[in-house]
Amino acid sequence: MTEIKEKKEELIEKPFSDLKYSLYLGCVIPNRYPMIERASRFVFDKLGIEIIDMNGATCCPAPGVFRSVDKALWLTLGARNLTIAQNNNTTELLTLCNGCFGTLHEVEHEMKSNPEINKRINEVLAEKNLHFDGSVNVRQVMDVLYFDIGLERLKSLVKRTLNLRTAIHYGCHILKPATTQLFGQDPDNPTFFDEVVEAIGSKSIDYREKLMCCGAGGSLRTGFKDSSLQYTLAKLREIRKVGVDCIVVCCPFCHLQFDLGQVEVSKLLDEGEEEFRIPVIFITQLLGLAMGYEPEDLGMIKPTELKGISPFISFDPLLKKIESIPLDEAKRDK
Amino acid sequence: MPQDQKLLKYSSEYSDELSLDDELKKIRSCIQCGMCSAVCPSGSFTALVTRKIMRKALAGDHSVLSGPEIWYCSTCFNCYERCPRTIPVTNVILRLRNMAVREGYLPDNLKSVIKNLANTGHAVPLGGPDSKWAKLRELHKLKKVPPTVHSFPEALDELFTLLDKIKFNARIPYR
């Protein structure tokens with residue numbers, strides 16, 4: 001009897017146990033922004049989503065640097081990563097990054113649609129007895145939230161209506177090239193990210209240059225950082241004009257560019273211009289907060305014992321505001 | 001040989017690993033309308049003029065490979081989406097970069113990232129189990145070393161074998 005009861009409770013608490021993904025971490029998330037990994041694993045666990053690690057995965061490889069350097073390398077390592085999800089017996093590969101999505105989704109597309117590339121890359125992989133059989137679909141966290149969970153079910157998860165003013169940054173590779181992307185929305189007028197943020201109880205505040213690139217991609221940050229920061233500065237100035245509680249992203253490289261970037265753009269500011277201090281959070285952090293979980297469960301801490309680590313912009317003003325927002329249930333009780 | 005054939009011939013010399021020239025051939029239909037430059041954010045901040053890149057590529061002008069401009073693109077794909085002749089402009093720029101690299105024109109700052117991947121499997125590596133990033137992972141209640149190639153030496157060997165198979169280290173000597 002008790003056993004059945006426990007199972008029932010678990011079903012209620014973990015409503016999405018039919019969903020299963022191989023989790024592709026990439027580089028920036030595990031090695032520079034582990035709070036994103038923490039928040040995402042925590043939220044997926046609470047939702048009952050089954051996550052299988054992709055043991056031995058390498059860099060996707062990054063679409064900016066490595067596709068620029070050598071397309072053969074880009075295709076080979078991308079396809080190798082796809083075989084890890086395949087050998088996990090999963091059909092869905094989940095990435096939390098626009099860049100990894102850009103690479104892996106396009107490699108998937110090339111391997112499935114171009115017989116010549118499929119043949120030659122599989123010949124290379126055969127050297128290590130690997131073969132990509134086309135059974136893996138590359139997914140991005142926004143796409144999983146929007147399609148696999150869906151807006152109605154997202155709404156039902158909200159236990160704390162945050163009503164935050166957020167500046168959404170889509171990033172590029174989740175939108176373009178549109179011919180190979182998932183959402184079926186106009187890349188000049190996408191709404192899926194705004195719809196998700198509104199569904200989980202916050203406001204998406206419109207700002208000029210909302211769809212502009214953050215500047216990090218294409219190896220621009222790596223090669224010519226000051227040029228890449230010009231993009232970031234232009235966007236930050238527009239975001240400041242409308243006034244928000246935080247910037248919300250769905251890509252760790254955009255996250256880094258906005259977070260560390262706010263420190264780095266200091267040297268590019270006009271005389272007397274105020275420095276930027278806008279907290280940057282990842283979509284799974286916003287979701288976790290809306291579900292009523294504590295900021296520290298979602299990696300929203302700033303360890304004082306380590307220097308020069310993420311986040312570079314303090315969460316404090318945001319956390320202070322969230323502290324003052326009661327759970328919806330408590331509000332109803334009043 | 002017509003001018004526009006020069007770059008295509010030149011590119012075919014480098015297509016030993018894969019036939020990747022189909023995208024490059026599409027620049028033949030460029031009408032120099034400037035749409036790609038009009039929608040290019042980098043154009044506002046850097047010396048990148050995508051329309052000129054297309055013209056130089058078409059003319060077989062070698063300076064398109066030796067100059068820094070092709071590296072100012074952040075690959076936002078605005079030009080790719082908007083080109084009225086459906087030229088995959090961003091992909092053409094990426095292909096030109098591949099050719100530039102073979103010619104030895106690689107921005108210095110990118111070399112260390114290539115080295116990182118070729119040696120560790122990550123473009124942005126953790127820096128070992130004693131690094132501040134490993135400690136930060138621990139503070140976030142995660143495994144100190146992520147379950148990527150960092151935790152599996154055999155995966156790193158696999159990477160090295162595949163890099164050898166595509167002659168990466170011979171072609172791109174930055175390891």
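The values are calculated or read from the model by the stated rules, or taken from the named source; none is laboratory data. If you're wondering where the values come from, they're calculated on a predicted model, not measured in any experiment. Backbone-built Cβ (ideal geometry, glycine too); neighbour counts: all protein chains shown. Surface accessibility is based on the protein's heavy atoms, side chains included, excluding ligands, DNA and RNA. Shrake-Rupley method; radii C 1.70, N 1.55, O 1.52, S 1.80 Å.
Details
- Candidates B:THR50, B:THR90, filtered to the one that is more than 19 Å from A:THR222 (Cβ to Cβ) and among the hydroxyl-bearing types (Ser, Thr, Tyr): B:THR50
- For region A:281-315, the set of residues classified as farther than 15 Å from A:ILE247 by Cβ and either away from every other protein chain (no Cβ under 14 Å) or among the small types (Gly, Ala, Ser) (or both) consists of A:LEU287, A:GLY288, A:ALA290, A:MET291, A:GLY292, A:GLY299, A:GLY308, listed by residue number.
- Taken over region A:166-197, the criterion of being of a type in the set (Asp, Glu) and either in contact with a strand residue (DSSP E or B) (Cβ under 6 Å, 6 or more places away or on another chain) or not assigned by TED's automatic domain parsing to the domain that holds A:PHE282 (or both) is satisfied by A:ASP194 alone.
- Screening region A:266-334 for helices (runs of 4 or more DSSP H) wholly inside it with 2 or more residues that are surrounded by fewer than 18 Cβ atoms within 10 Å (Cβ to Cβ) returns the ranges A:316-323, A:328-333.
- Entirely in region A:42-158, the strands (runs of 3 or more DSSP E) that have 2 or more residues that are at negative phi and over 17 Å from the mean Cα position of the chain (by Cα): A:50-53
- Of all the residues in region B:27-54, those that are within 14 Å of B:LEU96 (Cβ to Cβ), outside any loop (DSSP other than H, G, I, E, B) and within 14 Å of chain A (Cβ to nearest Cβ) number 3.
- Of the residues making up region A:66-93, those that are away from chain B (no Cβ under 13 Å), within 22 Å of A:THR179 (Cβ to Cβ) and open to solvent by less than 10 Å² (accessible area, probe 1.4 Å) are A:LEU82, A:LEU93.
- Within region A:167-187, being on the phi > 0 side of the Ramachandran plot and in contact (Cβ under 8 Å) with a residue 24 or more places away in the chain holds for one residue alone: A:GLY171.
- Against the list (1) touching a helix residue (DSSP H, G or I) at 6+ places or on another chain (Cβ under 7 Å); (2) of a type outside the set (Asp, Glu); (3) open to solvent by 10 Å² or more (accessible area, probe 1.4 Å); (4) farther than 13 Å from A:ILE36 by Cα, the condition A:THR232 fails is (3).
- You will find that of B:PRO147, B:PRO125, B:PRO153, the residue that is of a type outside the set (S, T, N, Q) and either open to solvent by 40 Å² or more (accessible area, probe 1.4 Å) or more than 7 Å from chain A (Cβ to nearest Cβ) (or both) is B:PRO153 and no other.
- The lone criterion from (1) in a helix (DSSP H, G or I); (2) more than 8 Å from chain B (Cβ to nearest Cβ); (3) crowded, with 20+ Cβ neighbours inside 10 Å left unmet by A:GLU195 is number (3).
- Here B:TYR80 passes the criteria (1) over 23 Å from A:LEU73 (Cβ atoms); (2) part of a helix (DSSP H, G or I); (3) hydroxyl-bearing (Ser, Thr, Tyr); (4) open to solvent by 10 Å² or more (accessible area, probe 1.4 Å) except the one numbered (1).
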